[in-house]
Structures are given as structure tokens and as C-alpha cells.
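This report refers to the structure that appears directly beneath it.
The values are calculated or read from the model by the stated rules, or taken from the named source; none is laboratory data. Predicted model only: the values in this text are computed from it and were never measured. With ideal geometry, Cβ positions are generated from the backbone for all residues, glycine too; neighbour counts draw on all protein chains shown. When the accessible area is computed, the model is the full protein with side chains, heavy atoms only, and any ligands, DNA or RNA have been set aside. Shrake-Rupley method; radii C 1.70, N 1.55, O 1.52, S 1.80 Å.
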Amino acid sequence: MINNIGKISRRALLASMTAAGLLLAGSGSAYAAEDITLGLVSPLSEPGDARSGDAIKKTADLWVKLINGAGGIGGRQVKLAVFDDQGKVEVGASAMERAITEANASAILGIWSSSVALAQMEVAKGYNVPLMAFYSWSDDITAKNYPQVFRIGPYNSQIAAQMVPFVKDRGYKKVVVLAEDTAYGLGFAKAFEEAVKAAPDVTVEVVQFQAQTQDLTAVMSKVAASKPDAVIVQTVFSATNLSIKQGREVGLKADIITGWDWPLLPDFWSTVGEAGVGVVYPTFSDPSLNITATGKTFVDAYKAAYGHEPAIFQYYLWDNFNAVKAAIEKSGSSEPAKLVETLPGVTFEGTIGPVFFRNEAGTVNFHQWDKFAMFFKKLNKVGDGEKEAELVQVAK
Amino acid sequence: MSEAITIKGLRVAYESDIEILRGVDMLGGANTLTAIIGPNGAGKSTLLKGVAGVAPVTGGEIHLGGQRIEALNAAQRVGAGVSFVPQEASVFGQMTVLENLRLGGWHRRKDKAWLERRIAFCGDLFHSIKPHLERRAGDLSGGQQKLVEIARGLVGEPRLLLLDEPTAGLSPVMVREVYREIARLKESRSVTVLLVEQNVREALAVADHVYVLAMGQNDTDGPAAEIAGRLDGIVRNWMSREGSGMAS
Amino acid sequence: MTQLFVQSLLLGLLQGGLYALLAVGLSLVFGILRVVNFAHGEFAMLGSFAAVFVVDMLGLPVWTGLIAAAVAGAAIAYATNILVLRPIYLSRMRQKGEYTIIATFLLSQFLIAAATLSFGTTYRKLPGLWDQNLAIFDYIYLSGNRIVAFVAAIAMIALLFFIVYRTDIGRAWRALTQNPLGAAVVGIDVNRYANLAFLASGAFAGLAAALLAPLMFVFPASGVIALVKAFIVVIIGGLGSIRGTLFAGLLLGVVEVMCTVYIDTGYTDAYGFALMIAVLLFRPQGLFGRTGRAV
Ligand SMILES: Nc1ncnc2c1ncn2[C@@H]1O[C@H](COP(=O)(O)OP(=O)(O)OP(=O)(O)O)[C@@H](O)[C@H]1O
Ligand SMILES: [Mg+2]
């Protein structure tokens, strides 16, 4: 009797399990045919650059909303699989692996820190999934010529080359590059040392520091004691914004040039206070930029959604997303492997001009779009933003 | 000033399941000296620790005069008049002998005049430590340290003094000093003493009553003279159990 | 001596004073209870958040932030002792030391998570008492906040010295440190003095964090850094030795700054570890440690 019940229930169980399995499999494949998943792996919490991560997330959300509102890509809806890399190499790499294997992402966007990106590239290569960089400046990202890796945005050696004329024109003789010990910071320092050979009367000293530190007072004492004319601060971690304040604290008199336009981020003035006056930052954004129709759509939607202007790197991120869209449309597939094949040949209207990739194998200009101008701007009083900043030089 | 101590069915377990004392009864009359003897591991030290509140009591009662003290913590028992000089080293090595003595009067430290008097008095008790009052206790010899502990135990004018092998490792001169002091205490009739001793004959000479413990329980007891009479038999009995002293 | 040398020495000493203040409570608690408190850094972190709350959100003057930090640090430390540690060391289990390590480690993770949930991970700033850069004889350059922090740290450590060597509380602490059994038999109430030690430990940690805050940031994971520095300091100075903690804190500050300036700017945190390992190799009980621990 008992045995009998056992048999029946076991058979019933098997049957229902099979049915459930079929159902699950059916539903799974049905969805896969419908939706396109894009992976967003970004620094969303400290110690990562969470301020930038937040801007990235906002841009991505907005793009998905706009695309889906207009009927998706080829009628398919787009969804984001969001992962936090915490600015940490190992977290970023495993987050990317999960985006690919668990979320079945067609491409990975939103990468930020160069060190994280360099580790993620290996994952991209292993799974043959496109990885889109936009504001990760290490030359190696494209110089390694991985078929899966693309960059719509600037890179270190180009920026360094554009900084040299600026340094020369300003009459700086002694320049310190204060570089965080990451692929980004050290990559820039190396590129700048290389580029500055074009200006023999300028001497450069690279001072390296631990990226995650909060106290640069000792380092800045050393920099101050060497009495440079200018200090170029290369860092992405927000804690090191303190370097400006701590430098002034220990008597640094030199001009301060930031490595990118982080003085425009909202917490700049509250962090550095008075010490921020006179800081010069390079940017790729200026009212003189020619914003395309695509760009205008983005900026208007962004302002409507979030109440403030997007920063220039968000334009590049927008172009990143549109590049993936263009590749899906061109190949008619969201298979990662297909996108890897198709992406190098896409052209489309970007936010500030037509976008296409340079594909010069063996150089940094591989899967690389590089049409941008660099503007040097100065903050003349506490609270100055992009509008108030004084344009001091343009490098083309 | 002193009080009788009554112990009923006392149980002690250091760790959850192993009971070391398994129901010990004892009576020490006011102003008397009760010696506790027994083989190694019988639980003599554990009994004194249970009474002093530094070992966990799991059952039984301890009465000091009219007061139940088994639920008090060690500090409260000191306040109730209990002073314990343990078998293990208990001096404060980085403090001077005088500072050690000062701590002996901790529970009445606000009474400054009394405390200074007691420190002076107890510092004077033993010739072997008298010249060393300003030295760090940790720098004295083992025997001298033991004398410091005994002197410290007397500073607070206890009503119940628990001495655990006070003469172990002491030179004959020091042993004499200790027994002279014990005799003096008895004479003063101000304190009840429970004395654990390995030097059975010395102990019997000063004791009023003697308890024999074995394996965490009462073995036998009687007036000192009576126990002295049948000591050989008692000790022979231990020998046969030596090494199995632990109750398990 | 060059300007850079003098400047570095001074910076190192100023930093070291804060390290000492951060570590002194850890050392005190270890001496008295033999408890290695892995949640010590979170006492500091929560103290600094209390200061941010009082100054930034309630808009009260900066000095009240310091008091709030000390009070919050003390309160959380007290609660830790009562709720987490006392049940362990009053229990009759073996290996209490190991259990306290695990318990305080888990507590630290919990407090970080709780702070992250309540305050978010964003870096917060705290104004200081003396937000001004000073150029002393145009030779030494320091911010007023750094001087305030150092003076306060040294004053608090001096106060602790006074308590330890001149008061009954200190006498009880020293007794418990030197011989717990001796302390019990003379009638020192372990619970009461352990509570007081935790109160002091938490107050000092919270205050140290609030003094550091104007120079750096306040954020949930900050306690981890604080704990690492405090561990290095107590190991160099000798666990349980307050004198050693003060000396080791100053030493760590000076070594970090000097090595950063004169050896390599890229390894600031590594110099402390190197110093600690050197001490462990040549004097494992710490520079001021004794075989019988002395407060
Ligand atoms: N702190 C402790 N934790 C666990 N067990 C203990 C502890 N102290 C003593 N014991 C055990 O209790 C038993 C009795 O020990 P106790 O010290 O009371 O014996 P004793 O009669 O004083 O012996 P001795 O004459 O050697 O001093 C022994 O088996 C001992 O191993
Ligand atoms: Mg014993």
C-alpha cells in the first residue's frame, strides 16, 4: 500500500517536473527572442568613482527609455543588466562575467576605470562579447587590438600630446605629474613624459601615489618642496580630490591642472573649497562644439529627466549605446559574436558629429574614434561651473 | 567581628558539563581555623574558589553568618568580608609592594585613614618583605610574593580568610613567619579561617577542625586531634586513589 | 636640516598623535579583558557620522560634533561590551578569546552594512574648528585643523595617563591588566571596569575620527582603515601598553611620512606594515610590551 503510493507519487512528480521544465525552457527561449539585454558595469559605490557611476547609470536609463519608447531596436525591447564594479579590478571582471553568463548581455557598456577595463577586456575576449569604452583613457585598451574592444572617446597619449603645447604656451618650466597608481594614472604619466620630449626646456617629474588613499599631505609636501610651476593631477578616485586642498595646506604654490574635467562634478567645491580657485581643467566640451540633432535629442531629454546638463563623457556614452544599436540593426542580430564582427564597420550620427571607428591594426587607433578637440578652462572663483569657467586655450 | 561559615551541598563546574565539586558540606565556626586536606585534584582549591566567587557555583548554599553569599559576585563577597589568597600567583607584578597592599583595601578605599593604618600594619607583618615595600612586586622572589599576597589579603580586615596552600614553595623561615601570623590571627579571634594545606602536620597543629576532601566530595572530618590520630589510615586511603582525584 | 625634513617630521608627529588616540582604546580593552576588538574601527566610523549628523544636519557648532562623536563612540562601545562580549566572557565555554574575535569581526561587518544602508556610501565632509592654512615663518605649512586635532589627541592621551596612574579607575584597570585573579580577589568588579574601559575606548576612537574628518572624509568603510592603523600601532607599542601606544602612534606617523617623502611616494600604507613586521621579528612583545602586560 505504502509502496504503491510511493510509486504513483514518484511517477506523478516526474511528469510534473518534466512539464515544468518544458514550460520554463519554452518561456526562456520566447523571451530571448524578444528582448535585447545590454550589460552596464560601472562604479556605483565607493571606493569606485560613484559620482561618475551615477551619471553613467542615468545616461543608460535614459537611452533605454527613449529607445523602448520609440519601439525598441527592430521591434525588440531593450533592457539593462546593471552591475557595480566598486572601482575594483576583480569585482569588475566578475561582474562582467555575470553580465555575460547570467544576464546574457549582447554587449557591455558603462566601463569606467582603466584598470578595471583592462581586466574586463580579458573577459570580453574569452566570451567574444563586445566591450565599449568611452572615458577609460589607458592607451592599452585599444592598443592591444582586441577584436571585441571599442572606444568612442579620448585616450592618454593623445591627451598628453595636446597638453604639451598648453604647458609650453603657459611658460611652465618644471611640471609635476601627480599620478595615481592605476593603468589610467601611470599610463598618462608615461604618455606625458613621452610627449613632452617635444618641448626640451620643460622638465617633468612623475610622483606616484596610492589610488585609494585619503591623505596625500606627505606626498604634497614633497611636491611643494620641489617648487614646480605646475602640477597635473591624474586621478579618478574622488578621495584624491583632496590632493588640491592638501597641496595648498602644505604650501604648494604651483598652478594646478586636473587630468580631466572632474572639477565640474557636484562635490568639487565642497571638497576643495578655496583651494579650487585657479584650477585649470581640460575638457572636450565647449559651447563652440557642434551638437548634432542626435546630440540635441540627448541633451534635451537629459535636462528634462534630471534637471541639469549632461557632462561631455555622457555624450560619448550615448554614442557608445548608439554604436551597439547601429551594429544590431546592421547585422539584424543581437548575438555578441555578430556584433563583434559588425561594430568596426558601423557609422552613424553621434552627439557631436559623425562617428566611425579607425581600424589601424597594430596602433592605438584600432576600433577607436578620436574626433574631439580639447579645451583648457580655468575656475576663477569658488562655485564656478562650466558656464563661468574661463576658456584659456584650445587644442585641436 | 568574625562569622561562622556554613557550606551546604556546594557544586562547582568550570565548564558546562564537568562538575568538579559534587555537593560539599562544611562548617567553620566563628573565629576557628578549619583545615582542608586531601589528595591532589580533590577539589580543595575549587572549594575555596567557589566560596570566594571566582569559580562558577552551580548548586548549594554558602552562608557567612546570617548572610547567603553564593549568588554574590567576587567583588560583593569581598565587601561581605571574604578574603581569598589563591594558590596561583596573584600579585600585581608591575606595582610596588605598597601599591599591592593598597589594593588589598579596595572595598574600603574611601576610608583613607583606616586604609593607611592597615597598609602600615600589614606591611609590617613579615620580616621577609618589610625591607622591600617600595620595590616592584614582580621583582621579588616567589616566596616573597606569596607573603605579599597574604599580607594583602589581610589589609581589608576580613571576617573570613581563605588560604590556599600559603606555604607551598616557601623557605622554612618564611613558613615559620606565616604560621606565626596564623597563630596570631587565631589569638586575636577576629577572623574565621579556611586553610588548605599540603603540610598536613603543620596544618593540624593550628587547626580546630579538619575536613578531608576526595574526588570533589566530603571524605571525612573531625576535630584536629582526632584526625591527627587516624591520619595514617586517611593518607593510606589517598595513596590508593592518587591520580584518580578528578571526579568524572 | 632642510625645510622638507622639518615639515615632514612635523606632519608625521601630527598624524601620529591621531593614530595613537585611535589605538589607545584598543590597547586598553585588550589589556583589561584580553579581547581583540575587531569592531574598534567602527566605533570611530560611527563617531564621525555622529559628528556629521550634529554639525551638518542639525546645524550645531563644530565643537558639539566632537562631543557627539565621543558620546556616540562610547555608547556603541558600551553596548558592544554588554550585548556581545559579556555573554562570551561570562560564559563557561572554552576558547573565549577566539569567540570574541569572531563576534567582534561579525559586528564590524554588521555595523559597516548598517551604516551603508543608513547613510549611503558617499563621502561626507565635516568642517573643522580651524579651517585655515597656516604658513609659519613661511617655512612650515599646516592647516589649523591638523594642529587642533593633534593638540586634542595629546590632551586626551594625557587625560588617559592621568586616569590610569592617578585615579582609582586607573588602579583597577592596571590591576585587571596585570593579574585578573588578583584583581578579583581584592574585590575589583571586572564588569564595572570593563564597561568603563569600553566607554573610554569608544569615546577616544569616535573623537579621533571626528578630529580626522575635516582633513579627510567620513564614510562607512573608514573604520577598516582606522582598525588597520590601530592594530599596527598596538603591535608596535606592545598590546596593553598605553605608553607604548603613544610612542608607536607617533613613530608610525613619522615613519609613514618620512618614507613617503624620502623613499617612494607610492607605498604610504606599506611602510607601517614593514615597521610592524620588523618589530615582530626583533621584539615580538612590542617596543614597550612586557611579558606581564603593563597598562
Ligand atoms: N579553571 C579550571 N578549569 C577546568 N578545570 C579545572 C580548573 N581548575 C581546576 N580544574 C580541575 O578541577 C579538579 C580539582 O582541581 P583543584 O585545583 O580544586 O584541586 P586541588 O584539590 O586544589 O589539588 P592540588 O592539591 O593539586 O592543588 C582538577 O581535576 C582540575 O583539573
Ligand atoms: Mg589546589
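Two decimals is fine: what is log10 I(q)/I(0) at q = 0.09, 0.16, 0.21, 0.22 Å⁻¹ for the stretch A:264-396, from a Debye sum with one equal scatterer on every Cα and no solvent?
-0.36, -0.93, -1.23, -1.29
Which residues' amide hydrogens lie under 5 Å from the amide hydrogen of A:Val206, considering only partners 5 or more residues apart or on another chain, with H built in the peptide plane?
Correct list: A:Val177.
For chain A, report the translational diffusion coefficient in µm²/s to the nearest whole number, using Stokes-Einstein at 20 °C, 1.002 mPa s, and a Kirkwood Rh over Cα pairs.
Rounded, D is 96 µm²/s.
Order the following by accessible area, largest value first: B:His107, B:His127, B:His132. Probe radius 1.4 Å; ligands, DNA and RNA are ignored.
I get B:His127, B:His107, B:His132, largest accessible area first.
Per the Kirkwood definition applied to all pairs of different Cα atoms, how many angstroms is the hydrodynamic radius of the protein assembly as shown?
33.1 Å
Give me a comma-separated list of calculated 3J(HN,Hα) values for the stretch A:119-136, in order, Karplus coefficients 6.51, -1.76, 1.60 applied at θ = phi - 60°, integers in Hz, x for any Gly or Pro.
Karplus-based 3J(HN,Hα) across the stretch A:119-136 equals 6, 5, 4, 5, 5, 4, 5, x, 9, 6, 10, x, 10, 10, 9, 9, 9, 9 Hz.
Any chance you could check the Cα centroid distance between the stretch B:165-196 and the stretch A:28-105 for me, in angstrom?
Cα centres, the stretch B:165-196 to the stretch A:28-105: 83 Å.
Each residue of the stretch C:26-40 in order: what ³J(HN,Hα) in whole Hz does its phi give by Karplus 6.51 cos²θ - 1.76 cosθ + 1.60, θ = phi - 60°, with x for Gly and Pro?
4, 5, 4, 5, 5, x, 7, 10, 6, 9, 8, 8, 6, 8, 4
Structure shown: which of A:Lys303/A:Lys378; A:Lys174/A:Lys222; A:Lys190/A:Lys245 lie over 23 Å apart, alpha-carbon to alpha-carbon?
A:Lys303/A:Lys378; A:Lys190/A:Lys245
Counting only residues 5 or more places away or on other chains, whose amide H sits under 5 Å from the amide H of A:Lys173 once H atoms are built in the peptide plane?
A:Asp229
When the solvent-accessible surface of protein heavy atoms is calculated with a 1.4 angstrom probe, in what order do C:Leu212, C:Leu13, B:Leu160 fall, highest first?
Result of the area sort, largest leading: C:Leu13, C:Leu212, B:Leu160.
Kindly report, to the nearest 10 Å², the accessible surface of A:Phe356 as traced by a 1.4 Å probe over protein heavy atoms only.
Rounded to the nearest 10, the figure is 80 Å².
Rounded, prolate or oblate: pick one for the stretch A:264-310, where a ≥ b ≥ c are the square roots of the eigenvalues of its C-alpha gyration tensor, a/c under 1.5 means rounded, and failing that, prolate if a/b is larger than b/c, else oblate.
Oblate shape, in that a/c is at least 1.5 and b/c is the bigger or equal ratio.
Over the whole of C:185-198, what's the average partner chain Cβ count within 10 Å per residue? Rounded to a whole number, please.
6
Suppose only helical runs count, i.e. DSSP H with n ≥ 4. What mean residue ellipticity at 222 nm does that imply for chain B under -39500 (n - 2.57) per run, divided by all residues and rounded to the nearest 500 deg cm²/dmol?
For chain B, the value works out to -10500 deg cm²/dmol.
Check the straight Cα-Cα distances from A:Lys325 and name the aspartates and glutamates below 19 Å, setting aside those fewer than 8 residues away within the same chain.
A:Glu34, A:Asp35, A:Asp61, A:Glu335, A:Glu341, A:Glu349
How much mean residue ellipticity at 222 nm does chain C get from its helices, if each DSSP H run of length 4 or more adds -39500 (n - 2.57) and you divide by all residues, to the nearest 500 deg cm²/dmol?
Here the helix-only value at 222 nm equals -23500 deg cm²/dmol.
Just counting partner chain Cβ atoms within 10 Å, what average do the residues of peptide A:206-216 show around their Cβ?
For peptide A:206-216, the averaged partner shielding equals 5.
Relative to the first principal axis of the alpha-carbon coordinates of chain C, what is the inclination of helix C:268-282, with its axis defined by its Cα atoms, in degrees from 0 to 90 and to the nearest 10?
The helix C:268-282 is inclined about 40 degrees to chain C.
Taking the stretch B:11-84, which GluC sites (Glu not before Pro) meet the DSSP loop condition and have no more than 16 other C-beta atoms within 10 Å?
Here the sparse-neighbourhood loop sites are B:Glu15.
What is the stretch C:36-177 by shape, rounded, prolate or oblate, if you read a ≥ b ≥ c off the alpha carbon gyration tensor as root eigenvalues and call it rounded for a/c under 1.5, prolate for a/b larger than b/c, and oblate otherwise?
The shape class here is oblate.
Taking a cut-off of 33 Å, what percent of all Cα-Cα pairs in the stretch C:2-282 are separated by more than that?
Within the stretch C:2-282, distances greater than 33 Å cover 20 percent of Cα pairs.
Of the beta bridges DSSP finds with both residues in the protein assembly as shown, what % are antiparallel, to the nearest 5?
Once the DSSP bridges in the protein assembly as shown are tallied, antiparallel ones form about 45 percent.
Select from A:Ser157, A:Ser45, A:Ser114 the residue whose mean-square fluctuation is largest in a Gaussian network model of chain A (Cα-Cα springs shorter than 10 Å).
Result: A:Ser45 has the largest fluctuation of those listed.
Using a 1.4 angstrom probe with every protein chain in place, what is the largest-first accessible-area order of B:Met26, C:Met276?
C:Met276, B:Met26
Which value, in Å² rounded to 10, gives the accessible area of A:Asp384 with a 1.4 Å probe and all protein chains present?
Probe radius 1.4 Å; accessible area of A:Asp384 about 10 Å².
Report, by chain and number, residues whose modeled amide H sits under 5 Å from the one on B:Thr192, excluding near sequence neighbours (fewer than 5 apart, same chain).
B:Glu3, B:Asn31, B:Leu160, B:Leu161
Could you work out the relative contact order of chain C, using alpha carbon pairs under 8 angstrom and six or more residues apart, expressed as a whole percent?
Worked out over chain C, it gives 37 percent.
What angle, in degrees between 0 and 90 and rounded to the nearest 10, separates the Cα long axis of helix C:242-262 from the longest principal axis of the Cα atoms of chain C?
In chain C, helix C:242-262 runs at an angle near 30 degrees to the longest axis.
Looking at the stretch B:107-201, which GluC sites (Glu not before Pro) are DSSP coil and have at most 15 other C-beta atoms within 10 Å of their C-beta?
Here the GluC sites (Glu not before Pro) that fit, given the DSSP loop and packing criteria, are B:Glu134.
Would you kindly derive the ³J(HN,Hα) couplings of the stretch C:44-55 from the backbone phi angles with the Karplus curve 6.51 cos²θ - 1.76 cosθ + 1.60 (θ = phi - 60°), listing them in order in whole Hz, with x for Gly and Pro?
My calculation for the stretch C:44-55 gives 5, 4, 5, x, 5, 5, 4, 5, 4, 4, 5, 7 Hz in order.
How much net charge surrounds C:Ala205 when only the other residues with a Cβ under 15 Å from the Cβ of C:Ala205 are counted, with Lys and Arg +1 and Asp and Glu -1?
0
For the stretch B:60-212, treating each Cα as an identical point scatterer without solvent, what Debye log10 I(q)/I(0) comes out at q = 0.16, 0.18, 0.19, 0.21 1/Å?
Log-scaled intensity ratios, in q order: -0.90, -1.14, -1.26, -1.49.
Calculate the mean, over all residues of peptide A:378-389, of how many other protein chain Cβ atoms lie within 10 angstrom of the residue's Cβ.
Mean shielding by partner chains, rounded to a whole number: 0.
A 31 angstrom limit on the alpha carbon distance is what I want to check against. Which of B:Lys49/B:Lys186; A:Lys227/A:Lys381; A:Lys173/A:Lys296 exceed it?
A:Lys173/A:Lys296
Is any helix in chain B, taking whole DSSP H runs, at least 15 angstrom long along its axis by alpha carbon and on average at least 1.6 on the Kyte-Doolittle scale, and which ones?
Helices meeting the criterion: none.
Give the longest segment of chain C that steers clear of trypsin sites (Lys or Arg not before Pro) in DSSP loops with at most 13 neighbouring Cβ atoms within 10 Å, not counting the sites themselves.
C:95-295
C:Arg86 accessible area, nearest 10 Å², 1.4 Å probe?
50 Å²
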